[in-house]
Amino acid sequence: MHQKHPKMARPDLGHYGHTEFALVGSTCERMETIMSEWVDQLSDRYRCLMVTGEHQEHPTPASLRYGRKRFTPSTDAWNEYDDRLTGADYDLVLVNGNHYPAARQIVFVDEQKAGTLERRREQLTDIYAIVHVNGPASMPEWLREQAKNQHCPPITTSISLLKPVLVGLERVLSDRVAPLRALILAGGASSRMGTDKAHLVYRDGRSEVERLYELCTSAGAPVSISVRDDAQTGKYPAPVITDRFLGLGPAGAICSAFLDDPNSAWLVLACDLPLLDEATIKQLIDARAPGRYATALRGPEREWPEPLVAIYEPRAYQRLLRFMALGYSCPRKMLINSEIALVNLDDMLPLTNANTPEERDRIQAIFR
């Protein structure tokens with residue numbers, strides 16, 4: 001059957017991001033104060049975004065501010081896809097639900113804003129918590145019935161005791177950490193080596209791709225092999241992901257993995273590091289910071305992170321694409337200029353490359 005557009009896996013997003021909650025039913029001042037307090041308490045571990053609304057038109061388009069630098073565009077054109085392009089970069093999006101919907105809701109039962117809540121009734125599709133401002137007696141019957149019919153009973157508390165809701169949000173965020181998959185890069189041309197580096201054998205009769213496969217499997221990460229084309233299918237001990245960004249090197253291979261599964265984080269490993277061992281991979285995984293774009297290793301003699309022994313979080317996908325749009329196809333460039341976690345190694349050996357026959361011979365001598 002003819003397909004007009006290639007089928008692509010889409011990230012698991014709501015109106016904005018992977019995890020989003022609309023606070024609805026009380027005054028904007030009260031809810032936005034609560035949102036700000038929660039963001040302050042969560043932002044050391046998670047990237048958080050607040051979405052609020054204004055009660056009147058502003059004379060200038062929406063602007064962005066970073067430190068003392070302010071960006072004010074000449075147009076305020078914006079649509080639902082811009083919402084997602086912005087929100088997908090964050091772990092948690094908190095929305096003023098009096099103005100805009102979100103996938104899940106924290107409902108305030110407030111006599112002062114009962115009409116607002118009633119008007120938003122159809123948007124209460126997944127109530128996570130109910131917060132009583134005036135006491136349980138003021139809860140409308142329709143909301144009581146709606147909450148009762150949900151798959152999971154909502155957290156119920158009072159405006160003076162919001163801690164259970166915040167603890168619940170932290171639990172949701174912890175549960176929503178992206179699963180970890182491994183991508184072994186075996187699609188390079190190996191032009192300097194003169195033979196396929198992925199199939200070189202340094203020890204124990206196993207090729208490098210087989211050895212890395214076993215290390216990742218032992219670490220609990222399902223493995224895929226990045227290859228140049230479909231002709232390489234069947235040559236490896238794991239499923240392959242064919243490069244769909246031809247000619248862009250490792251960055252293209254990483255983006256191809258995200259095309260295959262945009263909801264997972266990817267542990268990316270080059271197959272030209274024959275001294276990379278289980279302890280170093282475990283050190284990297286243990287240091288994983290899901291709230292950053294990536295977690296990468298850095299050797300004691302290196303100024304920059306190693307991009308091909310690194311964990312790339314789902315948000316790194318869009319970041320890599322944007323760097324490529326600027327003309328930068330080196331993943332190290334993205335890592336250097338993004339919020340990442342660095343693991344500083346005491347020993348350079350695990351990051352020692354073997355890209356030429358001379359380098360291969362020196363490393364093979366270690367195992368003789």
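The values are calculated or read from the model by the stated rules, or taken from the named source; none is laboratory data. All of these numbers come straight from a predicted model, not from anything done at the bench. Neighbour counts run over all protein chains shown; Cβ positions are idealised from the backbone, glycine included.
For the stretch 244-293, what are the residues that are in contact with a Ser or Thr (Cβ under 8 Å, 6 or more places away or on another chain) and of a type in the set (Gly, Ala, Ser)?
Once the filter is applied, which keeps residues that are in contact with a Ser or Thr (Cβ under 8 Å, 6 or more places away or on another chain) and of a type in the set (Gly, Ala, Ser), the stretch 244-293 yields GLY249, ALA251, GLY252, ALA253, SER256, ALA257, ALA287, ALA289.
Please verify whether ASP261 is surrounded by 16 or more Cβ atoms within 10 Å (Cβ to Cβ) and acidic (Asp, Glu), treating the condition exactly as stated.
The answer is yes for ASP261.
Go through ALA316, ALA294, ALA341, ALA354 for me and flag whichever is aliphatic (A, V, I, L, M) and over 18 Å from the mean Cα position of the chain (by Cα).
Going through ALA316, ALA294, ALA341, ALA354 in turn, just one is aliphatic (A, V, I, L, M) and over 18 Å from the mean Cα position of the chain (by Cα): ALA354.
Mind checking which residues of the stretch 1-27 are exposed (fewer than 13 other Cβ atoms within 10 Å of the Cβ) and either in contact with a helix residue (DSSP H, G or I) (Cβ under 8 Å, 6 or more places away or on another chain) or in contact (Cβ under 8 Å) with a residue 60 or more places away in the chain (or both)? Show your work before the answer.
Going through the stretch 1-27, the residues exposed (fewer than 13 other Cβ atoms within 10 Å of the Cβ) turn out to be 1-10.
If the condition is that a residue be exposed (fewer than 13 other Cβ atoms within 10 Å of the Cβ) and either in contact with a helix residue (DSSP H, G or I) (Cβ under 8 Å, 6 or more places away or on another chain) or in contact (Cβ under 8 Å) with a residue 60 or more places away in the chain (or both), then MET8, ALA9, ARG10 are the ones that fit.
Quick one: what pairs do we get from the stretch 352-364, first residue assigned by TED's automatic domain parsing to the domain that holds GLY205 and touching a residue at least 24 places away in the same chain (Cβ under 8 Å), second surrounded by fewer than 17 Cβ atoms within 10 Å (Cβ to Cβ) and of a type in the set (Lys, Arg), C-beta under 7 Å, 6+ apart or different chains?
Close Cβ pairs (under 7 Å, with a partner that is surrounded by fewer than 17 Cβ atoms within 10 Å (Cβ to Cβ) and of a type in the set (Lys, Arg)) amount to ASN355/ARG192; THR356/ARG192.
Among the listed residues LEU276, LEU248, identify the single one that is touching a helix residue (DSSP H, G or I) at 6+ places or on another chain (Cβ under 8 Å) and buried (at least 23 other Cβ atoms within 10 Å of the Cβ).
Exactly one of LEU276, LEU248 is touching a helix residue (DSSP H, G or I) at 6+ places or on another chain (Cβ under 8 Å) and buried (at least 23 other Cβ atoms within 10 Å of the Cβ), namely LEU276.
For ALA296, all conditions in the list (1) in contact with a Ser or Thr (Cβ under 7 Å, 6 or more places away or on another chain); (2) buried (at least 23 other Cβ atoms within 10 Å of the Cβ); (3) in a strand (DSSP E or B) hold save one; what is the number of the exception?
(1) is the only condition that ALA296 fails.
So which pairs qualify, if the first residue must be in the stretch 67-83 and farther than 21 Å from LEU13 by Cβ, the second must be in a strand (DSSP E or B), the Cβ gap must be under 8 Å, and the two must be at least 6 apart or on different chains?
ARG70/LEU64; PHE71/LEU64; PHE71/ARG65
Of all residues in the stretch 286-305, how many are under 19 Å from GLU339 (Cβ atoms) and touching a residue at least 40 places away in the same chain (Cβ under 8 Å)?
Result for the stretch 286-305: 12.
Could you list all residues from the stretch 193-210 that are surrounded by 15 or more Cβ atoms within 10 Å (Cβ to Cβ) and in contact (Cβ under 8 Å) with a residue 12 or more places away in the chain?
Those that are surrounded by 15 or more Cβ atoms within 10 Å (Cβ to Cβ) and in contact (Cβ under 8 Å) with a residue 12 or more places away in the chain: MET193, LYS197, ALA198, LEU200, TYR202, GLU208, VAL209, GLU210.
Within the stretch 28-37, is there a residue that is in contact (Cβ under 8 Å) with a residue 24 or more places away in the chain and in contact with a Ser or Thr (Cβ under 6 Å, 6 or more places away or on another chain)?
yes
Residue check: is GLU210 touching a Pro at 6+ places or on another chain (Cβ under 7 Å), farther than 22 Å from LEU345 by Cα and acidic (Asp, Glu)?
Against the criterion (touching a Pro at 6+ places or on another chain (Cβ under 7 Å), farther than 22 Å from LEU345 by Cα and acidic (Asp, Glu)), GLU210 qualifies.
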